[in-house]
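Chemist: This is the structure I want to talk about, given as structure tokens.
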Amino acid sequence: IIVTKCSEDLTQLEKESITREIAPAENQKLYFSRIVYGTPVHVYTNEKTELEDKMTVLLICGIANPRPLKDYLNAKALSYDMLRFPDHHIYNSDDLREIKKQFEKLKGEKKIIITTEKDAVRLQKFESELKGLPVYALPIQHRLLFGGETDFRDTVVSFIAGFEKMAQQ
């Protein structure tokens, strides 16, 4: 069981409280993870750029819970606006017009469009329509808290080895 999107400073006391609430069975392991954001990568050129506190961001996302992403942008950028679409949204030409319109409305000298890696894949086909706009995907990684990386890796490797052993029999 993995509890995702934990705060970086999750305390041992909070971990114990969550563990009691979940009440994993004896044969279950419980891990806690947080999101780590990487360096934004241009959707079409693969150029990287750092988020700066002087940037104004238009966040485009079709994810169920954008709260961690919004919190991250609040801490990193001067300001941001968001165009939120339904989870698993398939973009169309009306969406592109709205994206361009909202981007043009942004105030500030350093403007950028940030989207998720998942949404960047869906926007790939609109390169000609979005050409010239600074559209960047914000990569994410998950980090296990409380030193759980080694135990998790060992558990997965052991599980796979069990299947390999069964297949050889």
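Chemist: How much of the DSSP beta bridge set in the chain is antiparallel, as a percent to the nearest 5?
Modeler: Of the beta bridges lying entirely in the chain, close to 30 percent run antiparallel.
Chemist: P(r) for region 1-41: what percent of alpha-carbon pairs falls in each 10 Å bin, starting at zero?
Modeler: Reading the bins upward from 0: 25, 49, 18, 8, 1.
Chemist: Tell me which residues come under 5 Å, amide H to amide H, from L83 once H is placed; ignore anything under 5 positions away on its chain.
Modeler: For L83, the qualifying residues are L59, I60, C61.
Chemist: Ignoring any ligand, DNA or RNA, what whole percent of the accessible area of region 63-163 comes from carbon and sulfur when the probe is 1.4 angstrom?
Modeler: 54 percent
Chemist: Averaged per residue, what accessible area in Å² does the chain show with a 1.4 Å probe, protein chains only?
Modeler: Ligands and nucleic acids excluded, the result is 64 Å² per residue.
Chemist: Of the labelled options [x] 37, 20, 14; [y] 46, 15, 12; [z] 23, 19, 16, which one gives semi-axes √(5λ) of the Cα gyration tensor in Å as computed for this structure?
Modeler: After the calculation, the listed value that fits is [x].
Chemist: Setting aside same-chain residues fewer than 8 positions from K111, which lysines have a Cα under 27 Å from its Cα?
Modeler: Within reach: K48, K54, K70, K76, K100, K101, K125, K131.
Chemist: Additional query: What ³J(HN,Hα) values, in whole Hz, does the Karplus curve 6.51 cos²θ - 1.76 cosθ + 1.60 give for region 119-131 when θ = phi - 60°, with x put for Gly and Pro?
Modeler: In residue order, the calculated couplings are 6, 4, 4, 6, 8, 3, 6, 9, 4, 5, 6, 9, 3 Hz.
Chemist: Using only helices, what value at 222 nm comes out for the chain when you add -39,500 (n - 2.57) per DSSP H run of length 4 or more and divide by the total residues, to the nearest 500 deg cm²/dmol?
Modeler: -12000 deg cm²/dmol
Chemist: Another question, then. Taking every alpha carbon pair in region 93-169, what does the distance histogram look like in 10 angstrom bins from 0, in percent?
Modeler: Bins of 10 Å from zero give 14, 29, 16, 15, 18, 7, 1 percent of pairs.
Chemist: Note down the nm distance, to one decimal, between modelled labels 7 Å out along Cα→Cβ at E14 and at I140.
Modeler: 1.7 nm
Chemist: What's the Kirkwood radius of region 47-130 in Å, using all Cα pairs?
Modeler: For region 47-130, the Kirkwood estimate is 13.2 Å.
The values are calculated or read from the model by the stated rules, or taken from the named source; none is laboratory data. Small disclaimer: the values here were computed from a predicted structure and weren't measured. Please note: Cβ atoms are built from the backbone with ideal geometry, for glycine as well, and neighbour counts cover all protein chains shown. Quick note on the areas: whole protein, heavy atoms, side chains included, nothing else; ligands and nucleic acids left out. Shrake-Rupley method; radii C 1.70, N 1.55, O 1.52, S 1.80 Å.
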